[in-house]
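In what follows, a single structure is set out as structure tokens and then discussed.
None of the figures in this text is laboratory data; all of them are computed from the coordinates on show. None of the values given here were measured: they were computed from a predicted structure. Here Cβ is always computed from backbone atoms with ideal geometry, including for glycine, and neighbour counts include all displayed protein chains.
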Amino acid sequence: MMNRVVTVLLLVAAAIVAIPGTACACSCAPLKPTEQVGNASVVFTGTVLASRPAKGDFSVPTPPVVYTFRIDQVYKGQAQAEYHVTTNVDSAACGYNFEQGARYLVFASSRESGMIPTEPGRPLHTALCDGDARVRPGTGPLVAQDGFDGQPLPAALLTALGKPTAPAPTPTATTAPAGEAEGGGSTSPWAYLGGAVVLGFLALGGWRLTKRQTTTG
């Protein structure tokens, strides 16, 4: 009887382990800020613009999520207007749940990860243990007061981040200077000459009409 009980317990334990995400949980070892920056390929602050399921044939029950960030400061990596970062949906699989419209400090890596599959051409990924943190809305470099919910950012983190670079502003349409056509070229001198000719004819016609009225009178 005892052997049967032991066998049943072993089968139940094996079934639990075989179910993805049931017995597994994300456990993070504490990292120093210098390690967080050193492990990342890109470090930035940005606001979440959109999110969508990652495209591809993934061998996981739930595909990862791709988040689009509008970048305001870059502490490591190329300063560009947007970044696309992939993470797992479930926090038990070390996924980080970014909220749309919120601003975050993000540590993303482009190194291949067996934990977070990514789309072709979008290698950046991040996980719950990488150090991502929500920060106060804004666009300037982080300061101690920018911690979310009034929590100050650690001085060691700000020191490890260093001085950021702001992305180049997106080009916008400008108004053409006075005297220039919409296409950017200067007004043709023939336009001025044509106007002068018309005014001359009008003046001549007015003079003839006045002379005729004087002669008639």
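Before moving on, here are some points about what is shown:
- Separation between Cα centres of segment 56-76 and segment 113-134, rounded to whole Å: 6 Å
- Cα gyration tensor shape of segment 60-174, rounded if a/c is under 1.5, else prolate or oblate by comparing a/b with b/c: oblate
- Projected label distance in nm at Val89 and Arg70, using a 7 Å step from Cα toward the beta-carbon: 2.7 nm
- Extension gain from Leu158 to Cys26, taking 0.36 nm per residue of separation minus the Cα-Cα distance: 44.9 nm
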